[in-house]
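Below is one structure; the comments refer to it alone.
FYI, it's all coordinate maths here, none of it is from the lab. Since this is a predicted model, take the numbers as computed values, not measurements. Cβ placement follows ideal geometry from the backbone for every residue including glycine, while neighbour counts extend to all protein chains displayed.
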Amino acid sequence: MVELNFFEKCYEVAKRIPFGRVTSYGAIAKYLGAARSARMVGWAMNASHSNTDIPAHRVVNRKGLLTGKHHFEGVHLMQQLLESEGIFVVDNQIQNFQQVFWDPSEELKKH
């Protein structure tokens, strides 16, 4: 069996984020056993934009800020993608962050 690299593991988690939900870079890092690697998850999401199967727009910072928005084409694309899923964003901040937050450590219990 081929071992996935860290970026590929991040992508596998991101693909599991449900429509209309978001998670954070740190939550993905924690789930992958690399709790101090939130920045690397951000790099992975930035590198994923050529792959439309990876919903990188659903990954935000721990406070619900759209810190990765400048990596998307168009000035407001990340916000538009989130809003198309029913997520309310004002001034680059998800307004109902706690309600739409999806925690992979809870939702994807490791076997």
Fill in the blank from the handout: Exactly one of Ile28, Ile17 is assigned to a helix (DSSP H, G or I), surrounded by 15 or more Cβ atoms within 10 Å (Cβ to Cβ) and touching a strand residue (DSSP E or B) at 6+ places or on another chain (Cβ under 9 Å), and that residue is Ile28
Handout entry: Selection within region 31-56 - in a helix (DSSP H, G or I) and among the small types (Gly, Ala, Ser)
Key = Ala38, Gly42, Ala44, Ala47, Ala56
Problem - Options Leu66, Leu82, Leu77; residue that is of a type in the set (A, V, I, L, M, F, W, C), touching a His at 6+ places or on another chain (Cβ under 8 Å) and within 17 Å of Tyr25 (Cβ to Cβ) - result: Leu82
Exercise for the section: Run Thr23 past the list (1) assigned to a strand (DSSP E or B); (2) without any contact (Cβ under 8 Å) to a residue 24 or more places away in the chain and report the number of the one that doesn't hold. Expected result: (2)
Handout entry: Scope region 67-87; condition crowded, with 21+ Cβ neighbours inside 10 Å and under 21 Å from Glu12 (Cα atoms); matching residues
Key = Met78, Leu82
Completion exercise
Residues in region 1-14 that are free of Cβ contacts under 8 Å to residues at least 24 places away in the same chain, closer than 13 Å to Ile54 by Cβ and surrounded by fewer than 18 Cβ atoms within 10 Å (Cβ to Cβ) total 2
Completion exercise
Of the residues in region 28-54, those that are among the β-branched types (Val, Ile, Thr) and in contact (Cβ under 8 Å) with a residue 24 or more places away in the chain come to Ile28, Val41, Ile54
